[in-house]
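Participant: Pasting a structure below so you can have a look.
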Amino acid sequence: MASVREVAAADLDAFNAHDEQRIHALQAENAVFEAPGDVRLEGRDATTQYAMAWLRAFPDARLTVHNELEAGDWVVQEFTFEGTHEETLSGPGGDIPATHRRLRGRGVQLLRIEGEHVAETRLYFDQVQVLTQLGLMPEPAAASA
């Protein structure tokens, strides 16, 4: 049986390979996924489609893990997401047409592993940073000294 870190690494590799079948196979049948924007999805198909929506919208997308911690059945990964927004990003909040802009954002995900599968994912990233980099929000005002 694979360790929780090995399952988390396989999940990361599947995402970076844009391999829908492997992403799907690594999700538990009753997987639960939570993300910014009050996203809560249940089931292997729904969690896989969330990942694929990002991978379709950012065809060169890649996650790079900078720090990783393991505690029991949980793996915590601090990462950078990088990609170019070339297709529509579809999500629970609606569609974002391609902006052709480069996105580089940091985030954290907590993965609970059951056996050989990801049973639960809690994803955290800065939505304002994403929308600003995609040109959908104005740049924040610079702080005065």
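The values are calculated or read from the model by the stated rules, or taken from the named source; none is laboratory data. As the structure is a computational prediction, the values presented were derived from the model and not from experiment. Every residue, glycine as well, gets a Cβ built from its backbone with ideal geometry; the counts of neighbours run over all protein chains shown. All accessible areas refer to the heavy atoms of the entire protein, side chains included, with ligands and DNA or RNA removed. Shrake-Rupley method; radii C 1.70, N 1.55, O 1.52, S 1.80 Å.
Participant: Would you point out which residue out of R112, R106 is open to solvent by 80 Å² or more (accessible area, probe 1.4 Å), under 15 Å from the mean Cα position of the chain (by Cα) and at pLDDT 95 or above?
Facilitator: Working: R112 fails: open to solvent by 80 Å² or more (accessible area, probe 1.4 Å).
Matching residue, one of R112, R106: R106.
The rows are residues; the columns are (1) in contact with a His (Cβ under 8 Å, 6 or more places away or on another chain); (2) among the hydrophobic types (A, V, I, L, M, F, W, C).
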residue: E78; (1), (2): yes, no
residue: F81; (1), (2): no, yes
residue: E86; (1), (2): yes, no
residue: L89; (1), (2): no, yes
residue: A98; (1), (2): yes, yes
residue: G105; (1), (2): no, no
residue: E114; (1), (2): no, no
residue: E120; (1), (2): no, no
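Participant: Assuming E86 fulfils every condition listed in (1) within 24 Å of L41 (Cα to Cα); (2) at pLDDT 95 or above apart from one, which condition is it?
Facilitator: (1)
Participant: Given the criteria small (G, A, S) and over 20 Å from D13 (Cβ atoms), does G94 qualify? Let's see the steps before the verdict.
Facilitator: On the way: small (G, A, S): yes; over 20 Å from D13 (Cβ atoms): yes.
Taking the combined requirement at face value, the residue satisfies it.
Participant: Looking at region 37-63 only, could you name the residues that are out of contact with any Gly (no Cβ under 8 Å at 6 or more places or on another chain), surrounded by 14 or more Cβ atoms within 10 Å (Cβ to Cβ) and not hydrophobic (A, V, I, L, M, F, W, C)?
Facilitator: G43, R44, T47, T48, Q49, R56
Participant: Turning to a different aspect of this structure: List every residue pair whose Cβ atoms sit under 8 Å apart, with the two residues 6 or more apart in sequence or on different chains, where the first one lies in region 81-96 and is within 15 Å of Q127 (Cα to Cα) and free of Cβ contacts under 8 Å to residues at least 12 places away in the same chain and the second, anywhere, is part of a loop (DSSP other than H, G, I, E, B) and open to solvent by 40 Å² or more (accessible area, probe 1.4 Å).
Facilitator: Close Cβ pairs satisfying both conditions: D95/T88.
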